[in-house]
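The values are calculated or read from the model by the stated rules, or taken from the named source; none is laboratory data. Since the model is a prediction, treat every value here as computed from it, not as a measurement. Neighbour counts are summed over all protein chains in view; Cβ atoms, including those assigned to glycine, are modelled from backbone coordinates with ideal geometry. Quick note on the areas: whole protein, heavy atoms, side chains included, nothing else; ligands and nucleic acids left out. Shrake-Rupley method; radii C 1.70, N 1.55, O 1.52, S 1.80 Å.
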Amino acid sequence: MTFPVTSGVTPAGNPGRPDPSAAGDPVHDALTRAQADDLSLIRFLYVDHGGIIRGKAATRQFLPHRIASGIGHTVAMMAMSMLDTLQPVDGMGPVGEVRLVPDPVTLVPLPYAPGAGAMLADLVLPDGRPWDACPRTFLKQAIGALASEGYALRAAFEPEFTLGRREPGPSGAPDQLVPSDDSLCYSATGFHQAHDYIMELVAALQAQGLEVEHYYPELGHGQQEVVIRHAPALRAADNHVLYRETVRGVAFRRGVWASLAPKPIPDQAGNGAHLHASLTDLADDGSPGSRNVFADPADRYGLSQTGYYFIGGLLAHLPALTALTCGSVNSYRRLMPQFWSSAYTSYGMDNREAAVRICSALRGDDTSSVNLELKPSDSSANPYLALGAVIHAGLDGIRGKLDPGEAVNVDPATLPAAQQRALAIHRLPETLGSALDALAADELLMAALGPLRSTAYIAVKRAEIKAFAARDTAWECFQHFTKF
């Protein structure tokens, strides 16, 4: 993944959504776009605490009104688990309303759903004030906290997914995902077998303004990786929501199935969504500047002191952070030692077994391409909560000047226990329950989430743990590959 510092403006001629700084009136532009693209229904999308993308749709006729007023929505939906079971959370019962208010700048046509478009939405109170359980608002607030220290963050999710067919399980077992091929990692055979689907997917992503950088068939059978270019933090999270919808929408239109679940097939490689991030300074007008704050060519790893402090914050909060970046029971089947998914609180230079990887700079781009990769991250997470929590953790490292210790440039699983202790290397939580325990004990992240959001999130996740504990692996994988 490349990380040059750019403006983030959609390239000339790209039919995708415009950069807000280049647009005129966002509402006028959205209405004009909806008319020009002949969009009959526009989906207002959000992500809940179970990591599920949900929403409601408005017709084009009433879009001007619904952009202003939003669409009414029960507060209870943010207490709904990924299994559609409602949890008892004060303030999220049958009484109470919020509004799904779309961000008009995010309007895109949905090529896999002709006649439909989508906008990413905030959950706001009826009087227009932000609601304390809105995930997108949580990320906006984290971005604001970062700006107060003079920084902006650019990010990209690097997702993997499994392409295949949904078929009945043996002997009455739940449906299973059968991969589309059994090709080798990065193999030409994998390119050939997924070609038609991938070409349609890339075109659909580009039509929505997502800049596709790379594609390759990955290690698992049927596993694909399509990489989207980095963007300012809020747009990066918005992009990931659109990406998830597009991967699955294109598959469904073709009569196949695609899943971004962490472990949709127990004996195959898991699907991560590694989170890449870098900081820039702010210009005099408060907009993101051009200097990559993480870059220091004089350092042996090319990383600045600020970058090391950011890592220090990530490592200090990593057990709790994992509850938000790896948000499902299924996630912890993937986070195993020596699976290249990370299993220990360590960092290293291009170390793909470390939780945090310092990515080596590209030749000829020694400063602007420096970035950090957080490996314990997957697409069952709510991307707004995950990225917002990463910002809070990294910012805590910068403010507190937290020393991450020495880089670990070997597989941490190969180190003797005594050496692991000496290097402050600890095993990441091995279950969602353990991760939630760490989150509940993390004062900084709990304060950032706030009482309503943290209570609802933990309640939803505890309910999911209880439900899956009573069932077998086949049922777990079925529920995850059909939801993510």
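Amide H contacts of Gln223: Leu163, Glu218, each under 5 Å away and 5 or more positions distant or on a separate chain (H built 1.01 Å from N in the peptide plane; Pro and chain starts excluded). How large is the dipole of the range 333-401 about the Cα centre if only Lys and Arg carry +1 and Asp and Glu carry -1, each at its Cβ, rounded to the nearest 20 debye? Around 180 debye, computed over the range 333-401. Coupling constants for the range 219-225 follow from the phi torsions by the Karplus curve (6.51 cos²θ - 1.76 cosθ + 1.60, θ = phi - 60°), and in residue order they are 5, x, 4, x, 7, 10, 9 Hz; glycine and proline get x.
Considering only Leu362, Ile465, Asn409, and ranking their Cα positions along the charge dipole of the range 331-484 that arises from unit charges at the beta-carbon of Lys, Arg, Asp and Glu, the one farthest toward the positive end is Ile465. Of the beta bridges in the chain, as assigned by DSSP with both residues counted there, near 90 percent are antiparallel. When you filter the GluC sites (Glu not before Pro) in the range 332-419 for DSSP loop state and at most 14 other Cβ atoms inside 10 Å of their Cβ, you are left with Glu406.
For the chain, the residue among Thr85, Thr106, Ala447 whose Cα projects farthest onto the positive side of the dipole built from Cβ charges is Thr85. The stretch between Leu41 and Glu443, if pulled fully straight at 0.36 nm per residue, gains 140.4 nm over its current Cα-Cα span.
Any chance you could check the Cα centroid distance between the range 96-141 and the range 275-335 for me, in angstrom? Cα centres, the range 96-141 to the range 275-335: 26 Å.
Here Ser290 sits with roughly 100 square angstrom of accessible surface, probe radius 1.4 Å.
Can you give the accessible area per residue of the chain, in Å², using a 1.4 Å probe?
Per residue, the chain has 39 Å² of solvent-accessible surface.
Here the label points at Ala188 and Asp175, each 7 Å from Cα along the C-beta direction, are separated by 3.6 nm in the simple model. Add +1 for every Lys or Arg and -1 for every Asp or Glu among the other residues with Cβ under 13 Å from the Cβ of Gly289, and state the total. Charge balance near Gly289 sits at -1. Dipole magnitude for the range 263-371: computed about the Cα centre from +1 point charges on Lys and Arg Cβ and -1 point charges on Asp and Glu Cβ, it is near 540 debye. Report the residues of the range 228-271 in range of a label on Val202: point 7 Å along Cα→C-beta, backbone N strictly under 14 Å from it. The answer is 228-229, whose backbone nitrogens lie closer than 14 Å to the label point.
Rounded to whole numbers, the Karplus 3J(HN,Hα) couplings from phi for the range 272-289 are x, 9, 3, 9, 9, 8, 8, 10, 10, 7, 10, 6, 4, 8, x, 7, x, x Hz, using 6.51 cos²θ - 1.76 cosθ + 1.60 with θ = phi - 60°, and x at Gly and Pro. Over the range 274-328, Cα pairs under 8 Å with separation of 6+ residues give a relative contact order of 19 percent.
A simple spin-label model places the labels of Thr473 and Ala76 3.7 nm from each other, with each point 7 Å out along Cα-to-Cβ. Near the amide H of Gly272, within less than 5 Å, lie the amide hydrogens of Glu160, all on another chain or at least 5 residues away, with H placed in the peptide plane. Dipole size of the chain about its Cα centre, with +1 on Lys/Arg Cβ and -1 on Asp/Glu Cβ: approximately 800 debye, rounded to the nearest 20. Pairs Lys140/Lys466; Lys263/Lys466; Lys56/Lys140; Lys375/Lys483; Lys401/Lys461; Lys140/Lys483: which exceed 24 Å Cα-Cα? Violating the 24 Å limit, Cα to Cα: Lys140/Lys466; Lys401/Lys461; Lys140/Lys483. Oblate is the label for the range 95-168, because a/c, from the alpha-carbon gyration tensor with a ≥ b ≥ c as root eigenvalues, is 1.5 or above and a/b does not exceed b/c.
Heavy-atom surface analysis with a 1.4 Å probe gives the range 259-331 a carbon and sulfur content of 48 percent of its accessible area. Note on Tyr216 and Arg300: their simple-model spin labels are 2.8 nm apart, each label 7 Å out from Cα toward Cβ.
Pull out the extension gain between Ala417 and Ala145, defined as 0.36 nm times the separation in residues minus the alpha carbon to alpha carbon distance; nm, one decimal.
94.1 nm
Proximity of backbone amide H atoms, modeled 1.01 Å from N, is registered between Gln176 and Glu167, Gly169 at under 5 Å, excluding neighbours fewer than 5 places apart on the same chain. Once each of the trypsin sites (Lys or Arg not before Pro) sitting in a DSSP loop with at most 15 other beta-carbon atoms within 10 Å is removed, the chain keeps 1-253 as its longest stretch.
Across the chain, the relative contact order, built from alpha-carbon pairs under 8 Å that are at least six residues apart, equals 18 percent.
In summary, the helical segments of the chain meeting the span-like criteria, namely a full DSSP H run, a Cα extent along the axis of 18 angstrom or more and a mean Kyte-Doolittle hydropathy of at least -0.5, are 135-148, 188-207, 233-253, 305-325, 383-400, 451-469.
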